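Down below is the structure, laid out as structure tokens.
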Amino acid sequence: MTTIALYNLKGGVGKTAAAVNLAYLAAANGLKTLVWDLDPQGSSSFYLNVQPTQKNESKKIFTGEIDVKEAIRDSASENLWAIPADISSRNADLVLDELEQSKKKLKNLLSNLKQFDVVFLDSPPGISLLHENIFNAADIVLMPVIPT
């Protein structure tokens, strides 16, 4: 499994658009592909038309109240699944700060998802403990920039 994070300190540079489009292309080429929407805005979730089935599902994934596999949703595209964001994603840093090995939590969660060939992490803008997790978990970090 290869994990690719789309990251930039700034919002509005195309992280979500890149994540969703690259994921679609990977899936169209036969790779079992997952998009994990880590941005509380939930734009990847919107594009892929997926929603969490529980309240505060993002928080529950990080705290271990639910298994990460329970949060995976089918998309309309073959070979493409998603873990949707919800409003509890905005508190990911606070949740992670209270956990042991907080900088490697995301990497540990991803280790349970070996059924996928590629995972795209759609990151929120900023730099925080969540982003440290993203950097630790990613094999590749792509940084979209505004083309001006």
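See the values below:
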read-out	value
Mean accessible surface per residue for the chain, computed with a 1.4 Å probe while every protein chain stays in place, in Å²	51 Å²
The chain: most fluctuating residue of Asp86, Asp74, Asp37 per GNM, C-alpha cutoff 10 Å	Asp74
Equivalent ellipsoid dimensions for the stretch 55-122 as semi-axes, Å, which come from the Cα gyration tensor, largest first	21, 14, 10
Euclidean distance of C-alpha centroids, the stretch 121-148 and the stretch 19-60, integer Å	15 Å
Extension reserve of the Lys114-Val145 stretch, reckoned as 0.36 nm per residue once the Cα distance is removed	8.1 nm
For the stretch 1-81, convex hull volume per residue from C-alpha positions, Å³	104 Å³
Nearest-0.05 FRET efficiency for Glu65 and Ala17, computed from C-beta distance (R0 30 Å)	0.45
Extension reserve of the Asn136-Arg90 stretch, reckoned as 0.36 nm per residue once the Cα distance is removed	14.6 nm
Phi-based couplings in Hz for the stretch 8-14 (Karplus 6.51, -1.76, 1.60; Gly and Pro marked x)	7, 4, 9, x, x, 9, x
For q = 0.18, 0.19 Å⁻¹, Debye-computed log10 I/I(0) when each Cα of the chain counts as one equal scatterer	-1.01, -1.14
J(HN,Hα) series, the stretch 46-55, from Karplus relation 6.51 cos²θ - 1.76 cosθ + 1.60, nearest Hz, glycine and proline x	5, 4, 8, 6, 10, 9, x, 9, 10, 5
The chain: calculated mean residue ellipticity at 222 nm from DSSP helix runs of at least 4, using -39500 (n - 2.57)	-8500 deg cm²/dmol
Derived scalar couplings ³J(HN,Hα) [the stretch 15-27; Karplus, 6.51 cos²θ - 1.76 cosθ + 1.60; whole Hz; x for Gly, Pro]	4, 5, 4, 5, 4, 5, 5, 5, 5, 4, 5, 4, 5
Share of carbon and sulfur in the accessible heavy-atom surface of the chain [1.4 Å probe, %]	50 percent
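The values are calculated or read from the model by the stated rules, or taken from the named source; none is laboratory data. Remember, it's a predicted structure, so these values are computed and weren't measured experimentally. Note: ideal-geometry Cβ built from the backbone for every residue, glycine included; neighbour counts use all protein chains shown. Just so you know, the surface numbers come from the protein's heavy atoms only, side chains and all, with ligands and any DNA or RNA stripped out. Shrake-Rupley method; radii C 1.70, N 1.55, O 1.52, S 1.80 Å.
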